Every structure is written in C-alpha cells, then in structure tokens.
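For reference, the structure discussed in these notes is given below.
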Amino acid sequence: DFEVFSLEYRAMPFTKIKNPDAGTSEGDFKIRTGNLKAQAILPLAGENRTGALGVSYDYIPLPYVRWDFTQQPARVNELHAMKLILALRQKLKKEGWGLSAISKPGLASDFQALTMKSFRFEGGLQLDRQWEDGSLSGFGFAVTNGSGESRVWPTLRYLRRIGKTQMDFLLPGRAKALYNINSKWHAGLSWLWEGNNFRIEREGELRGKNIR
C-alpha cells in the first residue's frame, strides 16, 4: 500500500483577461483557474540508498464569464496531467554526502486524444549533504515545465526539521513550511512554481497548441 497520500485543491479568484486571440475581440472576459491534485507515494529504503515510487494526477477546470462564442467558438474547458514519480538518493563514500535523482514522465493535455505529443518530462539531479543536526543542503539542476515550456534550471536545496516543524526549500521550484500534527497528518503553507505545458487535442482552432 502507498504510505503517503495527499489530496489538495487550489482556487484562484476570477481574473479579467483581455486577449482577442483567446476568446473575444470586443472586450474583457473573466476566467478562474483551479487545481485539484492527488498524489500517492510509496517510500523505498535500502542500506545505502533510499527512494520513492509514486503517481500524481492534476485536474484543472476552466470556468469562464462573458465568453463570446460568436467571436471564438473554440475554447478549453479543462486540463489534465498524469505523472509517474521515480526518486532515488544514493549515499556516497564521503560521510553525509549523497546523490539524488528524480524523474517525472507523464502526459499533459485536455485528454481529448492521447498521443505522444502530449508526453512531458520533468526531473533533476542533485548533489547534497546531510549535516549533524539533521538538516540537508544541496545544489544541482532540474528540467521543468514551470514556465510553460521545458527548460533546464539550476537548483538549490535546503531541508531542516525543528521539533514538529519542517522547512523544505527547492529553489526556484518550491518553498514549504509544514507542521506535523501526528505521524500521518501535517498542515502548512507552500509556494509552488508549477506548469505542465498542456497540449490541446480538441478539434478546432486551438488543436495542436500548447498552453501552460
């Protein structure tokens, strides 16, 4: 059984957008984005290495206000992303040092048709050190779709636990502060830079385009 399961929903207020190519040539319309995310992780442990195997699913509904179908009949109503998560940290001979790798292949589109053009990859490699106080720091690089297209970025990592509080930074991708309520539940705040570079497969003018 998966030992770590999370379910979260993030909603944004309606935002006015003026973009004739996206929906209307006469004025502003509104759109609100939300993100329902489910993730399950199975931790793996060995003598000199640790890792994880998991899956994640993102659902993004796109409700509109004052959409002008006479100007632009084609629109995207929802987006989906499914990923396989593979992670590994190998201890090195030098005390405290390790090499970490993560791979997240998956599909990101409106799921009107599943093709290899919807395939997306994210991953990274990191050299890190675990210190005597239990904290961990490191640096490396990551392939991410956070900007709406696949790019390689340098990364900095810092992880520290103080009592029931945990700080987890993997810049520029995320920053988290968590409080462990018990062995199974935690609460906290996070800043995430996320994007999946979704491919549109629905019939119409938008087919074949990629959006963040």
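The values are calculated or read from the model by the stated rules, or taken from the named source; none is laboratory data. The model shown is predicted, which means the values in this text are computed figures rather than measured ones. In this analysis, Cβ positions are derived from the backbone assuming ideal geometry, glycine residues included, and neighbour counts consider all displayed protein chains. The area values use the complete protein model at the heavy-atom level, side chains included, leaving out ligands, DNA and RNA. Shrake-Rupley method; radii C 1.70, N 1.55, O 1.52, S 1.80 Å.
Things worth noting here:
- Accessible area per residue in Å² at 1.4 Å probe, computed on region 129-200: 64
- Two-site FRET efficiency, Thr50 against Tyr158, from Cβ-Cβ distance with R₀ of 22 Å, rounded to 0.05: 0.75
- On full extension, the segment bounded by Arg151 and Trp131 gains 4.1 nm, given 0.36 nm per residue less the C-alpha separation.
- If you take all other residues with their beta carbon under 13 Å from the beta carbon of Asp168, and give Lys and Arg +1 and Asp and Glu -1, the sum is +4.
- Computing FRET efficiency as 1/(1 + (r/R0)^6) for Leu99 and Leu36, where r is the C-beta to C-beta distance and R0 is 45 Å, gives about 0.85.
- Extension reserve of the Met167-Trp191 stretch, reckoned as 0.36 nm per residue once the Cα distance is removed: 7.5 nm
- Counted charge near Tyr57, where neighbours are those whose Cβ lies closer than 9 Å (Asp, Glu -1; Lys, Arg +1): +1
- Formal net charge of residues neighbouring Thr115 (Cβ-Cβ distance under 15 Å; K, R +1; D, E -1): +3
- Computed lengthening from Leu92 to Tyr179, 0.36 nm per intervening residue step minus Cα-Cα distance: 28.3 nm
- Loop-located chymotrypsin sites (Phe, Trp or Tyr not before Pro) in region 83-189 whose Cβ has at most 15 other Cβ within 10 Å (DSSP): Trp131, Trp185
- Within region 121-170, GluC sites (Glu not before Pro) in DSSP loop having at most 11 other beta-carbon neighbours inside 10 Å: Glu132, Glu149
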